[in-house]
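The structure appears below as structure tokens.
The values are calculated or read from the model by the stated rules, or taken from the named source; none is laboratory data. Everything quoted here is computed from the prediction, not taken from an experiment. When we count neighbours, we look across all protein chains shown, and the Cβ atoms used for this are built from the backbone with ideal geometry, even at glycine. Only protein heavy atoms, including side chains, enter the accessible area calculation; ligands, DNA and RNA are left aside. Shrake-Rupley method; radii C 1.70, N 1.55, O 1.52, S 1.80 Å.
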Amino acid sequence: PRLLREFADAYPEIRVETAEYDFADPSAGLAAGEVDIALIRPPLEVPGLRYLKVSEEGWVARLPRDHRLAGRKRLRLRDILDEPIIAAPKSAGVWRDYWVASEYRDAKPARIVGEAATFEAEFTTVAQGRAISITGETAARYYQRPGVVFVPISDAPPCSISLAWPAKGAGPTVRRLVRIAADGLQS
């Protein structure tokens, strides 16, 4: 929101429209050319994009409130790797693999018990006690729900939130937005 407000203050003549995409398209419309710039969480399998990391945060496990690990202050990845997990749709590709922690499983597949294309569907599955999920720590601040707790994962590397846009053909509006974001990171 701060970035969009700063952009609107600097360029009141330019109207920015926002759109929300579900987990089936972690590129938030960039892959299909539906948007000019997007706020995304890497990794993506979309060639020809440029990225500006705007934030970094830790991972958290989203657990049912009555889960045996729900009362812990912190978890390690090994504590949750055998748990049933809810995943993004298969169309999310490497993004899905990232959020089920595939690279930490020593080639043992995740025990995926269902797919969720939205945060709400994921929350519902977790609250029902059917699975856990892994997400970034901002979810714990902004998306509290009954029946769900968040526990930080201490040994996971940070995940990032980035602006992404096509490397070729970015128009002046995209370049201005990126400049304002980059300037904000330096201040």
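Brief remarks on what is shown
- Total residues in the stretch 131-146, condition loosely packed, with under 14 Cβ neighbours inside 10 Å and in a loop (DSSP other than H, G, I, E, B): 2
- The set of residues from the stretch 147-187 being open to solvent by 70 Å² or more (accessible area, probe 1.4 Å), over 16 Å from Leu52 (Cβ atoms) and either touching a helix residue (DSSP H, G or I) at 6+ places or on another chain (Cβ under 7 Å) or of a type in the set (Gly, Ala, Ser) (or both) comprises just one member, Gly169.
- Considering residues of the stretch 80-118 that are within 14 Å of Ala131 (Cα to Cα) and among the charged types (D, E, K, R) only, the residue surrounded by the fewest Cβ atoms within 10 Å (Cβ to Cβ): Asp82
- Residues in the stretch 49-71 that are open to solvent by 30 Å² or more (accessible area, probe 1.4 Å), farther than 19 Å from Arg141 by Cβ and over 20 Å from the mean Cα position of the chain (by Cα): Asp66, His67, Arg68, Gly71.
- Pair list, Cβ under 9 Å, 6 or more apart: the stretch 34-54 residue within 10 Å of Leu163 (Cα to Cα) and in a loop (DSSP other than H, G, I, E, B), other residue at pLDDT 95 or above and of a type in the set (Phe, Trp, Tyr): Ile37/Trp165; Arg41/Trp95; Arg41/Tyr98; Arg41/Trp99; Pro42/Tyr51; Pro42/Trp95; Pro42/Tyr98
- Candidates Glu45, Glu20, filtered to the one that is under 19 Å from Lys90 (Cβ atoms), surrounded by fewer than 15 Cβ atoms within 10 Å (Cβ to Cβ) and under 16 Å from the mean Cα position of the chain (by Cα): Glu45
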